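Read-outs throughout are calculated quantities, based only on the coordinates presented, and are distinct from any laboratory measurement. All values derive from a computational prediction rather than experimental measurement. Cβ: placed from backbone, ideal geometry, glycine included. Neighbour counts: every protein chain shown.
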Amino acid sequence: MLYNIIRNTNDFKGLKNDWERIEKKCQNSTYFSTYRYCYSWFIHLQNIEDKLFIVTVTNNNKIIAIAPFLIRKVNGKLLKKRVLQFISNGDYADLLIENNQDIKNSNIVSKIFDALHENDKEWDEINLTHIGQNSVLIHFLLKSKYNKNLEYLIENPFIDFSKFQDYNTYSKKFKIKKINQYKNKLDKAIRYKVILTSDNVINSISKIHLAQKNHSNLNSTKKRHSHFENKQYIKFLNELYNKNSDVLTYLIVDTDKNNEIMCYFTGYIHKNKFHSVSTAINPKYNHLSIGRIFNFLIFQKNYNDKKWDFFDMGAGRYEWKFELTNSFNLLYTFNFENFKSKKMKFLSKVEKILRVIKQILKN
C-alpha cells in the first residue's frame, strides 16, 4: 500500500470518480462524507488560509481509501496553531474505505496515520469530531495507542423503522401524550397536507427558520442564531440542493393560503437512511402545536411512500428526540497535540485551563 496527499482543488476535483466509487462501497459511509457534500462545503465554506490535506491510500494502483482532511489555522487567545480536521461539518464524519477482503481496515487506517506523522511538520494538532461509534476510525483508535486521545462527544438518536411492522405498531410503542388531541385540534382548525419534495426549497425554508429565530428571540434573554444568516452557507446549500435526488424535504402546507409553509423537515437520504439536518415552525402556526405532530405525519407518510428505513435525528440530546426513540449512536472527538516547543505546550495547557474555568462560570 502507498499513500498520497492531495493538496490543491484541481486534484480534489479529480478524485470525484474514485471518491464516489468508494462512498458507495464503504459500509459505514454517511451523506456527510460523500464527494458532493465535502466538495461543495470546501468550495463555499473554506477559510482563506485552509490547506487541503486529503490522504489517499492505493493498492495495486487503485485508490482504496480516502481521508478527507484539511489543515486550518486557528488563533486562540494565547496560541496560534495549525489544526488538521475533517473537510466538512456534519452529524457524522469518518474515513472512506472500500470494502476489501484482502486488506484489514486497521492496516489501511494505520497507513493514513503514517501519512500524518511523516508530514507532522505541517500541523500542530489533530482535531477530528463527530466520529460515529461504528466508524472504521473509532474501531482503530479504541485499539491503538491513541485510545486516551478519544473522548465522548454527544448522542445521535435514530429510529430503525424496519423493526416495526407498520406505522400503528410504532405509534403504539412511542405514543406522545396528547398526540391525538393535538392532531384533532389541527384537523379542525385548518386544511393542510404533507408534501415530500427533492426540489431546491432553500429560499422558502430559510424564511421559516429565520422567522422562528426572530420570534423566539422576542421574549428570551438567550438569543438564538440561524445558520441561514450565513450567506456562504446559503450558497453551499443552494448548490447542494440543486438537482439532487438525495435531498428530501417534508413540508406541512396550509392549502387555504396558497400552500403557505407551516413547518418543514429537511435532510439527506443515503443508503436507506434519512439524515435530518434542519427543521422549523412558522410562528403563525405555533398555537396548533405542529411540532408535536409533524414527526408522526412524516413517519406515516414514509410507511405509505417508502423512501428510507432509518430516521436519523441528528446530533443533540433533546427531550423530544427521546420521546420518539430509545436508540442512539454515540459520537466521539479525537484530539492529538503535536507541539514541538515547550512554549506551545505550556500555552496549550493554559488555554485548556481557561476553557474549563469559563465553562464552570457559565454553569
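Could the peptides 236-242, 319-325 be put in order, highest first, of the mean number of other beta-carbon atoms found within 10 Å of their residues?
Numbers: 236-242: 18.9, 319-325: 14.6.
Ranked from most to least packed, the peptides come out as 236-242, 319-325.
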Which of the peptides 175-188, 194-207 is most tightly packed, and how do the rest follow, judged by the mean count of other Cβ atoms within 10 Å per residue? 194-207, 175-188
Of the listed pairs Lys213/Lys306; Lys111/Lys145; Lys13/Lys235; Lys257/Lys321; Lys81/Lys352, which have alpha-carbon separations greater than 24 Å here? Lys213/Lys306; Lys257/Lys321
Kindly rank 214-220, 29-35 from highest to lowest mean number of other beta carbons found within 10 Å of each residue. 29-35, 214-220
In region 175-324, with Lys and Arg counted as +1 and Asp and Glu as -1 at Cβ, which of these residues, Phe265, Asn217, Thr197, has the Cα nearest the positive end of the dipole, that is, farthest along it? Asn217
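Antiparallel DSSP bridges in the chain: what percent, to the nearest 5?
90 percent
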What's the center-to-center distance, using Cα atoms, between region 4-71 and region 79-112 in Å? 10 Å
Taking the Cα-to-Cβ direction at Lys172 and at Glu337 and moving 7 Å from each Cα, how far apart do the two end points lie in nm? 5.7 nm
Would you mind getting me the FRET efficiency between Asn230 and Thr9? Use the beta-carbon distance for r and R0 = 35 Å, nearest 0.05. 0.95
Over the Cα atoms of region 158-260, what radius of gyration and what Dmax do you get, in Å? 17.4, 45
Want the number for Thr325 to Leu45: 0.36 nm per residue separation, take away the alpha-carbon distance, what's left? 97.5 nm
Per 0.36 nm of contour for each residue apart, how much would the distance between Gln300 and Lys223 grow if the chain were fully extended, relative to their Cα-Cα spacing? 24.3 nm
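In the structure displayed, which of Lys193/Lys223; Lys80/Lys349; Lys172/Lys284; Lys77/Lys342 lie more than 22 Å apart, Cα to Cα? Provide the component values of the computation, followed by the final result.
Numbers: Lys193/Lys223 32 Å; Lys80/Lys349 13 Å; Lys172/Lys284 30 Å; Lys77/Lys342 17 Å.
Exceeds cut-off: Lys193/Lys223; Lys172/Lys284.
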Please determine, in degrees from 0 to 90 and to the nearest 10, the orientation of helix 231-241 with respect to the longest principal axis defined by the Cα atoms of the chain, where the helix direction is its Cα long axis. 80 degrees
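Hey, with R₀ at 41 Å, roughly what FRET efficiency would Glu151 and Lys243 work out to, going by the Cβ-Cβ distance, to 0.05? All intermediate terms of the calculation are to be shown ahead of the outcome.
Details: r = 39 Å, r/R0 = 0.96.
Efficiency at R0 = 41 Å is approximately 0.55.
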Mind giving me the FRET efficiency for Thr255 and Gln181? R0 is 22 Å, r the Cβ-Cβ distance, nearest 0.05 is fine. 0.45
Counting every C-alpha pair in region 73-175, the percent lying more than 25 Å apart is 40 percent
Relative to the longest principal axis of the chain, what angle (0 to 90°, nearest 10) does the C-alpha long axis of helix 105-118 take? 60 degrees
Full-stretch length increase - Thr197, Lys104 - with 0.36 nm per residue and alpha-carbon distance subtracted: 29.4 nm
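Determine the sum of side-chain charges near Ile126: Lys and Arg each +1, Asp and Glu each -1, restricted to other residues whose C-beta is under 10 angstrom from that of Ile126. List each step's numbers first, then the result.
Working: positive: none; negative: Asp120, Asp124, Glu125, Glu337.
Net charge in that neighbourhood comes out at -4.
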What 222 nm value per residue comes from the helices of the chain, counting each DSSP H run with n ≥ 4 as -39,500 (n - 2.57) and dividing by all residues, nearest 500 deg cm²/dmol? -11000 deg cm²/dmol
Translational diffusion of the chain, µm² s⁻¹ [Kirkwood Rh, Cα pairs; Stokes-Einstein; 20 °C; 1.002 mPa s]: 95 µm²/s
Could you state the angle between the C-alpha long axis of helix 179-189 and the longest principal axis of the C-alpha atoms of the chain, as a value from 0 to 90 degrees rounded to the nearest 10? 60 degrees
Hey, rough spin-label estimate for Gln165 and Asn286, points 7 angstrom out along Cα→Cβ, what's it come to in nanometres? 4.3 nm
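Is there a quick way to get the dipole size of region 148-215? I mean about its Cα centre, with the Cβ of Lys and Arg at +1 and of Asp and Glu at -1; what is the value in debye to the nearest 20?
Numbers: 14 positive and 6 negative charges, 108 e Å.
That gives region 148-215 a dipole magnitude of about 520 debye.
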Which aspartates and glutamates have a Cα less than 20 Å from the Cα of Lys188, not counting those fewer than 8 places away in the same chain? Asp254, Asp256, Glu260
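Starting from the eigenvalues of the Cα gyration tensor, five times each then square-rooted, give me the equivalent ellipsoid semi-axes of region 239-363, largest first, whole Å. Numbers along the way, then the final one.
Values: eigenvalues 324, 77, 49 Å².
They are 40, 20, 16 Å, listed from largest to smallest.
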Under a 10 Å cutoff between Cα atoms, tell me which one of Gln46, Gln300, Gln165 has the largest fluctuation in the Gaussian network model of the chain. Gln165
Alpha-carbon spread of region 175-324, three principal axes, descending order, Å: 41, 40, 36
